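The values are calculated or read from the model by the stated rules, or taken from the named source; none is laboratory data. Here the structure is a predicted model, which is why all the values come from computation and not from measurement. In this analysis, Cβ positions are derived from the backbone assuming ideal geometry, glycine residues included, and neighbour counts consider all displayed protein chains.
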Amino acid sequence: MGGDRTLRFPAELVELFARAGHDRNPLHLSPQYARATPYGEPVVHGALAALGALALVPARPGMAVSRLEITFTGPVLRDKVYEVDVAETDDGARVRLTGLYGTALTAGATLVAAPAVTMPRTLVDGEVRRTPRALALADLDVGRSAIGTYRADPAALAALAARLRLAGGALDRAAVEAVLWGSYLTGMELPGRQALLARLRLDLDPDRPASADGFAYQARVERRDERFRLVEIDARLGTVARARIGAFVREPAAEPDTTAIAEAVAGLPRLDGAAVVVGGSRGLGAALALGLARLGAHVTATYQVSQDRAEALARQAGELGAALTLARGDAADPDWCARLAADLAARHDGLDTLVCCAVPPLRPMRLEAATVEPFVDYTAVSLRLALTPVVALLPLLARRRGTVLLLSSAALDALPVAWPHYGAAKSALESVCGVLARAHPQVSFRTVRAPALATDLVDPLTRPGQALAPEAFAARLLVDITGPVTPAGRR
């Protein structure tokens, strides 16, 4: 787990938590699913991170937890080191979990005198869900309810308790199981697949049984906030606890709108050359790949992880009466880019258009001593994703006096204080583009500062409400690509 006041959550611990509590939401377990979210990788269950932090709250003789209040303020990522701050109070303790990207969660535990007698354990038959419900925000009307039974897996729970060193801490087994149930209810039932746990309050019954195995539960949506895509849920787990849960409802990853793309390219000149879109399986890259293919270009769309999104892209190209080639690999790998160049040379006599859209996941980061290394790493990865394919494909572009389009960001005009790494990467890319234009005058280099786009790169809960649809911005870029060649520079 880490040192006395540090925690780390490797993949096997996340899987153990999922087995113990039955929260098998793909956001936590599937790299392919998580790649198409703003996080770019699986996120640790918030309840697991909370239990790890609360395990450091020491037990007090004759006292028991009566309330847990947990607020989640940022994602917890696998294999990163997090620091735990514990502040004991007269009636309990407060904990804070902090990582490179700031505070991930805060939690409070309230302690009261433990009852002399607890209720006996009662088993209730029933099955937990194996796959999460797929509910959209519109499905979660006030009054929407869920009922069922919940039983944590005893063997996995025992292993989890040992791994987190819960024995001797303030949380008894019933309290731990209530936290697991809150995670299960949110991630598998209400809202289910699209859930992002924001806060969890548990009021624990003073005479709760020693184990919460096999209790019936019921839950009901009490409030829905359309603006913030937030639902408030009131729930009860048998005679163990009452819960108040706040959960964001994430938007599902959207496929490009083929109708909008077809309308956008209508009237533009036909293309018959070869084009490569790096990072072409989703968002702006997918919209550009489909638009270029619709105009007649021989498009190769590259991707690294999102196999299902790439296959959907090929299907959508067929719906547009076009075809494209998929190429899976790491655009930051020089060897893979060299193989891509060789394949393109065998299929075409040159390359007319190269669009570089691939970027690493963007997370808030304040520049300070502890974040210098990840700051540099993010900038380096961003530049490798753009420049490695450019360098590998330059000879093919020179043969056809082709165009390179590099995506920068309008955020540089007023960079958020939590995005210094993003600003450094995009500023460096613009500078390098100018150098490449002077060094290779036979190729047209352009950087475009994209506005805020409604893509899965940026968390829809924090992006501006005026975010532009990627199809609309792709239409603007396609006008540039199909128009007369202009001097290199930023648009």
Which listed residue, of 204, 190, is in contact (Cβ under 8 Å) with a residue 60 or more places away in the chain, of a type in the set (A, V, I, L, M, F, W, C) and buried (at least 19 other Cβ atoms within 10 Å of the Cβ): 204
Residue identified as modelled with pLDDT under 90 and either crowded, with 24+ Cβ neighbours inside 10 Å or among the β-branched types (Val, Ile, Thr) (or both) among 252, 256: 256
From the options 328, 363, residue that is crowded, with 17+ Cβ neighbours inside 10 Å and under 26 Å from the mean Cα position of the chain (by Cα): 363
Complete set of residues in segment 416-455 that are among the charged types (D, E, K, R), more than 27 Å from residue 255 (Cα to Cα) and touching a strand residue (DSSP E or B) at 6+ places or on another chain (Cβ under 8 Å): 430
Scan of segment 405-430 for residues that are within 11 Å of residue 449 (Cβ to Cβ) and aliphatic (A, V, I, L, M), ordered by number: 406, 407, 410, 411, 412, 429
Scope segment 458-483; condition at pLDDT below 85, loosely packed, with under 15 Cβ neighbours inside 10 Å and either outside the structural domain of residue 358 (by TED's automatic domain parsing) or of a type in the set (Val, Ile, Thr) (or both); matching residues: 462
Qualifying residue in segment 44-63 (condition: basic (Lys, Arg) and modelled with pLDDT of 95 or more): no
Which listed residue is under 19 Å from the mean Cα position of the chain (by Cα), assigned by TED's automatic domain parsing to the domain that holds residue 46 and either within 22 Å of residue 245 (Cβ to Cβ) or buried (at least 20 other Cβ atoms within 10 Å of the Cβ) (or both), from 198, 152: 198
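Being surrounded by fewer than 22 Cβ atoms within 10 Å (Cβ to Cβ) and either modelled with pLDDT of 95 or more or not in a helix (DSSP H, G or I) (or both) narrows it down to one residue among 381, 404; which is it?
Numbers: 404 fails: surrounded by fewer than 22 Cβ atoms within 10 Å (Cβ to Cβ).
Unique residue meeting the criteria: 381.
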Single residue of segment 189-216 satisfying the filter (in a loop (DSSP other than H, G, I, E, B) and of a type in the set (D, E, K, R)) that is modelled with the lowest pLDDT: 213
Residue that is surrounded by the fewest Cβ atoms within 10 Å (Cβ to Cβ) [pool: residues in segment 41-85 that are under 22 Å from residue 28 (Cα atoms) and of a type in the set (Gly, Ala, Ser)]: 74
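Kindly state which helices (runs of 4 or more DSSP H) lie completely within segment 1-72 and contain at least 1 residues that are within 15 Å of the chain's Cα centre (by Cα). Lay out the reasoning, then the answer.
On the way: elements: 11-21, 26-29, 31-35, 46-54.
Filter on segment 1-72 gives 26-29, 31-35, 46-54.
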